Structure formats: C-alpha cells, structure tokens
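The values are calculated or read from the model by the stated rules, or taken from the named source; none is laboratory data. Quick caveat: nothing in here was measured; it's all calculated off a predicted structure. Please note: Cβ atoms are built from the backbone with ideal geometry, for glycine as well, and neighbour counts cover all protein chains shown.
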Amino acid sequence: MRRSSYVFAALGCLTLLLAVELYYPVFARPHRDGRLLEERTLVARLGLTDPALFTEARYTRNPSLADLNTPFQDHPGSFDHFPSGTFVPSPATPGQGWLLFQPEAAK
Amino acid sequence: MTPFLRRQRALADFTLAALARRKGKNIALIAVYSVVVFVLASAMFFAASLRFETTTVLEGAPEITVQKITLGRQDLIDGSVADEIAAIRGVTEAHPRLWGYYYDRINGANYTVMVPDDPEMMPDPGQIAIGEGIPRARGLEWAGAPVFLSRYEGDLKKFDVAKTFSRDSALMTSDLMLMNEADFRDFFDIPKGRYTDVVARVRNPNEVATIVQKGSNALPQMRFVTRADIARTYQKLFDWREGLLTALAFAGILAFVIFAAEKASGLSAEEAREIGILKAVGWNTRDVIAMKMWEGGLISLAAFLIGTVAGFAHVFFFGAPLFAPILKGWAVIYPDFPLSPHVDGLQLLTLALLTTLPYIAATVVPIWRTASADPDAVMR
C-alpha cells in the first residue's frame, strides 16, 4: 500500500470521529431538553436568578443581584479577595433601574 | 482516477516521504499544534455549553426584582412594598421573598438559603431541602442524614433533610437550602414583615421598561433588576470567561506561532537544497508550491481534527476536568453538573479557518520565494 493510503485512512477516521461527536448533541437532544425544561420549571418556581458557579462570596454567587455599585464589597479598602472576581466582569451600566438620580431623558 | 487526482495523489505521497525524513520534528509540530487547537476548542465548547444552559434556564427567572438600597448596600425591604409594586398597571403579581447566605463554619462553604414561594415546595418546620453540593461538602454519606447548622460557638440547630435536588439541576441548585419561613425568621433573626427583596411578574414583557420607570419614580430608593439585566450579566460573564481562557492560551499560541514561523519561513539549508534539486530535475514552481500546500494542509488538518476531537471529548464526555480548577476559585462547593451538549457551527468553522489557514499561508509564502529563484543559486 502507498504511504498516502494510511494517512488518508487515518484522517478519514478522525473526520468520522468528529462527525460522530458533532452528531452527539443531536442524539442527546431529547434528554437534554427534558432536563433543561425541568430545571427551568424549578428556576421559575423558586425564582432563582443565578447559577451556583462561584459560591464563595455574595457578589460572585449572585452577580446579577449584588450591589456592584459599592466599590469595596466587604469593608472600606478591601480589594477583591476571591479569584472568581476575575471571572465576573464589572458592570458597564447600572441597569434600567436608576438610584435616586435619573437622567433627564429617562424621566 | 483522473490525471489530476493521480497527480495530486503522487504529490501527497512525495510530501509524506519528505515529512517522514524529518519525522521527529514533524511529529513534535503536530503535537504542539494539536494542543493549541485542543485548548481553544475546549474553551469554545465549554463556554458555548454553559451559555446555552444558563440562557435557556434563566428564561424562567423573575421578570423584575426590587431591592432596597441603604448606604449603597442591599437592605431588608418592607413587605408593603410588594403591594405598591402590585398596584402598578401591568404587574400581574408581586410578592416579597426571603433568602440569604449562610456561612458554614464547619467546612467554610457558603450556602444560599431560601424560603420558596411555592407552598408545594415549602419544607415542613424543622426540615430542609438541599442541593447536591451540601452533603458532598459536609461529607454526609448516607441518605437522610440530618444537617446541623451553627451560627456561633456553642450553637447547634438540627434540620432533617426532606429532599435533595438531583445532579440534573446542580448548575442552579448545588448550594441551595430551602427552609420553612418560620425556621428562617427564627434562625436568622429576621423580624416579621421584613423581607430580602420583592419579585414581580408582568403581563406583557414589552411593558417591563415602563413598569420599571413608574416603579423608580414612585419608589426612588429601590433598585430594579430586570430579567434582561440578568441575561446581559451572563452573556457578558461567559464572553469574558471564554476570552480569559483564550488569553491564558495566548502565551501558548504565541510560542506556537514563533515555532511555526521559524519552521515555515526560515527555510533550512536542507529544504532549500531539496527545492533546488526538484527544480533541477524538471519540477516547475507550481509543482513545488502544490507539494508545500499538501504539507501545510496535511499537518494543519491533522492537528485540527486531533485537537477538536480531543477537545469535544474533554468537555462533553469527561466534564472538562482541566478547566475545573480554574473555574472553582476558592469556593468549597462547586456544582457537579452535566454539561449540556451544544455546538455552535459558526464558531467551529471560525476555529477551523483560524487554525488552518494561517499555517498553510506561513508554509507556502516563503517557499514561493525560494521556488521562483534559480535552482543553481538555491542549491549553492
């Protein structure tokens, strides 16, 4: 056999493997969607707002509800203590609700 | 087989023979290249899966959450605020909630303690429902083991576990502890009529902005968080994290670029001689470039396939063990959750183009310069 036959066969196998892997999400979809629907119902019933990815501090556990407008979370001069703070970007806007001061345009 | 295909096949054979002459160097190149693709593909699959699951699941999150802010901090809110919010036209329902965090002195973990709104989910007095991470963090190995909570030295309160949430919902419920309202008020010493925040449901999602505006005019000391704000926070968080992983991989990518550029552009004397000989025996510039295209194409295709196949298996079949330590941070509880298989076709195409094309270009361009030179000059 020619040398290229082996290499083409190996590349073909890898492509087949990738195709099988890419088909896997389609194959697993009914199970995944069922699980997500249940999880979503639970979220709606409990009114959850954040995933439990970083549980070490309140501003990483619930970044969407944390008072990120406070510059130092724990006491004056306390810089971010936990490494997860690196993963939680600072908010660009204060959201749609305004605190005390409203811009003229929003009134 | 057409003459064109036969010619290409012969070129591929010749290229493979040439690659085999520098076996060690080329195997090392494919290995490093595959690792680079593997890291990028894993980060991409991981972020796409988390983003998909979070956005799907958080569609059930409350439409509007109202918090009271005192001195720049969230404060307990009066139950009557719920009635004021419910009176705004367009709000179907508003009710106060009780929830907070509990720091477990025994193992240093933080739990999210909550009183469910749904009466069906409310545990009986003295009982709690917990997420899968709490027994794991506590080392409670047998089912039905009670949980003892301590607020200060010498204090111990026993709760029976009525229910444990399954691993299927671990991403949202891993550190969750549902408690009866009376137990919650007693344990955390919360006076009657005071709550953590207020959530509201609205009839028409398009009216949320108007409702928030009316609400902030009527209750200026409150902060309104909408579901769109939550979705934005997470979109940004996952983009940021994926970017961060890519940034971590950047040093590796840079090293690879230097390695590849050195190999591709700084032609070794041996390679230059080889091209000179090929031209002297009658190959034209097109043949030499086609041969080098085969070389770049085979190496980058092999590396892309190996890296992507391994990255997919790493994330979806093995649960991304290499990323877990980075994401865990210092938290004691980290959810043990199944990653939802989800692939973004456009992202995969971008990865394929970004990893293979530059390498092929880096191989072909310097060869073209050498190949168009006089063979006699090159060989000497």
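Under 27 Å from the mean Cα position of the chain (by Cα) and either within 23 Å of B:Ala231 (Cβ to Cβ) or without any contact (Cβ under 8 Å) to a residue 60 or more places away in the chain (or both): does that describe B:Gly133?
Details: under 27 Å from the mean Cα position of the chain (by Cα): yes; either within 23 Å of B:Ala231 (Cβ to Cβ) or without any contact (Cβ under 8 Å) to a residue 60 or more places away in the chain (or both): no.
Spelling it out, it is not the case that B:Gly133 is under 27 Å from the mean Cα position of the chain (by Cα) and either within 23 Å of B:Ala231 (Cβ to Cβ) or without any contact (Cβ under 8 Å) to a residue 60 or more places away in the chain (or both).
Going through segment B:150-161 one residue at a time, which ones are free of Cβ contacts under 8 Å to residues at least 40 places away in the same chain and surrounded by fewer than 17 Cβ atoms within 10 Å (Cβ to Cβ)? Show your work before the answer.
So the first thing to find is which residues in segment B:150-161 are free of Cβ contacts under 8 Å to residues at least 40 places away in the same chain, and the list is B:151-161.
Those that are free of Cβ contacts under 8 Å to residues at least 40 places away in the same chain and surrounded by fewer than 17 Cβ atoms within 10 Å (Cβ to Cβ): B:Arg151, B:Tyr152, B:Glu153, B:Gly154, B:Asp155, B:Leu156, B:Lys157, B:Lys158, B:Asp160.
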- Where B:Tyr359 falls short, out of the listed (1) under 15 Å from the mean Cα position of the chain (by Cα); (2) crowded, with 22+ Cβ neighbours inside 10 Å; (3) closer than 27 Å to A:Phe8 by Cβ: (1)
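For segment B:266-380, list the helices (runs of 4 or more DSSP H) that sit wholly inside it and hold at least 1 residues that are of a type outside the set (A, V, I, L, M), modelled with pLDDT of 80 or more and closer than 30 Å to A:Arg61 by Cβ; which are they? Outline the logic, then answer.
Details: elements: B:269-280, B:285-312, B:324-328, B:345-371, B:375-379.
Qualifying helices (runs of 4 or more DSSP H): B:285-312, B:345-371.
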- Task: Evaluate the following for B:Arg73: is it without any contact (Cβ under 8 Å) to a residue 12 or more places away in the chain, under 29 Å from B:Ala218 (Cα atoms), at the interface with chain A (Cβ under 7 Å from one of its Cβ atoms) and under 31 Å from the mean Cα position of the chain (by Cα)?
- Result: yes
- Task: Identify the residue in segment B:110-157 that is within 28 Å of A:Thr49 (Cβ to Cβ) and touching a Ser or Thr at 6+ places or on another chain (Cβ under 7 Å) and, among all such residues, is farthest from the other protein chains (Cβ to nearest Cβ).
- Result: B:Pro135
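Residue under question is A:Gly47, and the condition is that it be among the small types (Gly, Ala, Ser), surrounded by fewer than 16 Cβ atoms within 10 Å (Cβ to Cβ) and farther than 28 Å from B:Pro325 by Cα; does it hold? Please lay out each step first, then the result.
Working: among the small types (Gly, Ala, Ser): yes; surrounded by fewer than 16 Cβ atoms within 10 Å (Cβ to Cβ): no; farther than 28 Å from B:Pro325 by Cα: yes.
Spelling it out, it is not the case that A:Gly47 is among the small types (Gly, Ala, Ser), surrounded by fewer than 16 Cβ atoms within 10 Å (Cβ to Cβ) and farther than 28 Å from B:Pro325 by Cα.
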- Query: Here are some conditions: (1) of a type outside the set (S, T, N, Q); (2) in contact with a helix residue (DSSP H, G or I) (Cβ under 7 Å, 6 or more places away or on another chain); (3) within 13 Å of another protein chain (Cβ to nearest Cβ); (4) closer than 23 Å to B:Arg167 by Cβ. B:Leu322 meets all but one. Which one does it not meet?
  - Reply: (3)
- Message: Could you check segment A:12-23 and list, in sequence order, the residues that are surrounded by 15 or more Cβ atoms within 10 Å (Cβ to Cβ) and either among the hydroxyl-bearing types (Ser, Thr, Tyr) or closer than 13 Å to B:Ala302 by Cα (or both)?
- Response: A:Leu14, A:Leu17, A:Leu18
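Can you pull out the residues in segment B:277-302 that are of a type in the set (Asp, Glu) and touching a helix residue (DSSP H, G or I) at 6+ places or on another chain (Cβ under 7 Å)? Break it down stepwise before answering.
Step one: list which residues in segment B:277-302 are of a type in the set (Asp, Glu), which gives B:287, B:295.
Across segment B:277-302, the qualifying residue is only B:Glu295.
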- Message: Need the failing condition index for A:Leu37 against (1) modelled with pLDDT of 90 or more; (2) farther than 26 Å from B:Leu178 by Cα, just the number.
- Response: (2)
- Message: Looking at (1) of a type outside the set (Ser, Thr, Tyr); (2) part of a strand (DSSP E or B); (3) touching a helix residue (DSSP H, G or I) at 6+ places or on another chain (Cβ under 9 Å), which one does B:Gln67 not meet, given that it meets all the others?
- Response: (3)
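Specify the residue that is farthest from the other protein chains (Cβ to nearest Cβ); the eligible residues are those in segment A:24-44 that are loosely packed, with under 12 Cβ neighbours inside 10 Å and farther than 13 Å from B:Asp168 by Cα. First the steps, then the outcome.
Step one: of segment A:24-44, the residues loosely packed, with under 12 Cβ neighbours inside 10 Å are A:26-27, A:30, A:34.
This time we only want the ones that are farther than 13 Å from B:Asp168 by Cα, so: A:26-27, A:30.
On the way: A:Val26: 9, A:Phe27: 9, A:Pro30: 12 Å.
Per the criteria, the residue is A:Pro30.
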- Query: Taking segment B:88-139 as the region of interest, how many residues are on the phi < 0 side of the Ramachandran plot and outside any strand (DSSP E or B)?
  - Reply: 25
- Query: List, please: which pairs have Cβ atoms under 8 Å, are six or more places apart or on different chains, and start with a residue in segment B:13-38 that is within 11 Å of chain A (Cβ to nearest Cβ) and end with one that is in a helix (DSSP H, G or I) and of a type in the set (Gly, Ala, Ser)?
  - Reply: B:Asp13/A:Ser4; B:Leu16/A:Ser4; B:Ser34/B:Ala302; B:Ser34/B:Ala303; B:Ser34/B:Gly307; B:Ser34/B:Ala310
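Scanning for something part of a helix (DSSP H, G or I), of a type outside the set (Lys, Arg) and farther than 22 Å from B:Val257 by Cα, does segment B:18-29 turn up at least one residue? Write out each step before concluding.
Quick first cut of segment B:18-29, residues part of a helix (DSSP H, G or I) only: B:18-21, B:23-29.
From the residues that got through so far, the ones that are of a type outside the set (Lys, Arg) too are B:18-20, B:24, B:26-29.
Narrowing the set further to residues that are farther than 22 Å from B:Val257 by Cα leaves B:18, B:20.
The answer is yes, given that some residue of segment B:18-29 is part of a helix (DSSP H, G or I), of a type outside the set (Lys, Arg) and farther than 22 Å from B:Val257 by Cα.
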